[in-house]
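Asker: Starting off with a structure, shown below.
The values are calculated or read from the model by the stated rules, or taken from the named source; none is laboratory data. Computed from a predicted structure; not experimentally measured. As a convention, Cβ positions derive from the backbone with ideal geometry for all residues, glycine included, and neighbour counts pool all protein chains shown. Remember, those area values only see protein heavy atoms, side chains included, never the ligands or the DNA or RNA. Shrake-Rupley method; radii C 1.70, N 1.55, O 1.52, S 1.80 Å.
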Amino acid sequence: MTDIEIQSLPAMGDNYIYLLVYHDAVIVVDPGVAAPVQTTLRAQALKLTHILLTHHHADHTAGCHALAGDCEVIGPKDTRVPWATRAVGEGDSFEIADLKYSVLDVPGHTDPHLAFHVEHHLFCGDSLFAGGCGRLFEGSPVQMWNSLLKIRSLDDDTIVYCGHEYTLNNLEFAVSIEPGNSALARRLEQVRQQREAGVATVPFRLGEDKLTNPFLRVDDAELQVALGATDAVTALAELRARKDRW
Ligand code: ZN
Ligand code: FE
């Protein structure tokens, strides 16, 4: 297995930009701003080779113009992502320096919205967050549920790199919905301590999220009762609506 070095670059308050370095590849994922990427590249004497974009929002793309130069920019088939030199979608795959990246389309927050899966790493933008999911700006609850099911089908040991540090707020909301979920209560306590110490809670292990993120568990009968729903899609719609108001 190739050892990918993955650095998280915090930006704009709660965004994460990711820098992947291995072999002769230097890849940035979702550069919402150029400066922290440029500073890191300069400090480590690296030259960018690829940019990966999950979705069109400015906080994931605005650094693209300044960074792109002659590197390959891989993003969704979306006219709002004009920087992409290569547009990809569901089921596509591509190779960078001998590693295979699989593309999942995970719409709901935006449509399209990509996730990139390489080895046991998943870069999922604003589709899944630790303990939560993205707001439904362009998609329906059924689209988001199908996207979350796609992600949930991945191995528990998948490491998830999402677009924002929203974990504490997400878990506080989750506990208000599921006060009896002990795995969730434990995770909230741990995340509280991490945040007090200024430690990032992202990336995170998918297996832990499967047990504690209510958005990944809306097919759970007890959770549906708590949400006054009898099916997963209605439960997801209600859960998202409550989180939007929270
Ligand atoms: Zn977004
Ligand atoms: Fe975002």
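Asker: Between A35 and A58, what is 0.36 nm times their sequence separation minus the Cα-Cα distance? Round to one decimal in nm.
Answerer: Numbers: separation 23, 0.36 × 23 = 8.28 nm, distance 1.47 nm.
Residue separation times 0.36 nm, minus the Cα-Cα distance, leaves 6.8 nm.
Asker: A follow-up question, please. So, by mean Cβ neighbours within 10 angstrom, what's the order for 234-241, 211-218 with the highest one leading? Write out the running numbers ahead of the final one.
Answerer: Numbers: 234-241: 20.9, 211-218: 23.8.
Descending mean neighbour count gives 211-218, 234-241.
Asker: Taking 22 Å as R0, compute the FRET efficiency from the Cβ-Cβ separation of K210 and S140 and round it to 0.05.
Answerer: Details: r = 23 Å, r/R0 = 1.03.
It comes out at approximately 0.45.
Asker: Counting only heavy atoms of protein chains, what accessible area per residue, in Å², does the chain have with a probe of 1.4 Å? Intermediate results must be reported in sequence, preceding the final value.
Answerer: Working: 10330 Å² over 246 residues.
The answer is 42 Å² per residue.
Asker: Additional query: Hey, can you rank 161-168, 39-46, 188-195 by average C-beta count inside 10 Å, highest first?
Answerer: Final packing ranking: 161-168, 188-195, 39-46.
Asker: Got a number for carbon plus sulfur as a percent of the chain's accessible area, 1.4 Å probe?
Answerer: On the way: 5200 of 10330 Å².
Of all accessible area on the chain, carbon and sulfur atoms account for 50 percent.
Asker: Explain nothing, just the number: dipole magnitude of the chain about its Cα centre with +1 on each Lys and Arg Cβ and -1 on each Asp and Glu Cβ, in debye rounded to the nearest 20.
Answerer: Values: 20 positive and 34 negative charges, 105 e Å.
Roughly 500 debye, rounded to the nearest 20.
Asker: Run lengths n ≥ 4 of DSSP H only: what is the helix-derived mean residue ellipticity at 222 nm for the chain, with -39500 (n - 2.57) per run over all residues, to the nearest 500?
Answerer: Details: 9 runs with 83 residues, N = 246.
Value at 222 nm, helices only: -9500 deg cm²/dmol.
Asker: Round to a whole angstrom and tell me the spacing of the C-alpha centers of segment 150-215 and segment 70-147.
Answerer: That distance is 21 Å.
Asker: Once Lys and Arg get +1 and Asp and Glu get -1 on their Cβ, which of S140, I96, S176 lies farthest toward the positive end of the dipole of segment 5-245?
Answerer: Of the listed residues, the answer is S176.
Asker: Please give the per residue volume of the convex hull enclosing the alpha carbon atoms of the chain, rounded to a whole number of Å³.
Answerer: On the way: hull volume 29.4 nm³, N = 246.
Hull volume normalised by residue count: 119 Å³.
Asker: Here is a further query. Within the chain, what percent of beta bridges assigned by DSSP are antiparallel, to the nearest 5? Don't skip to the answer; put the middle values down first.
Answerer: On the way: 29 of 42 bridges.
Looking only at bridges with both residues in the chain, the antiparallel portion is about 70 percent.
Asker: Which pairs, out of K150/K243; K77/K210; K47/K210, put more than 27 Å between their alpha-carbon atoms?
Answerer: Numbers: K150/K243 22 Å; K77/K210 29 Å; K47/K210 37 Å.
Distance filter (> 27 Å) returns K77/K210; K47/K210.
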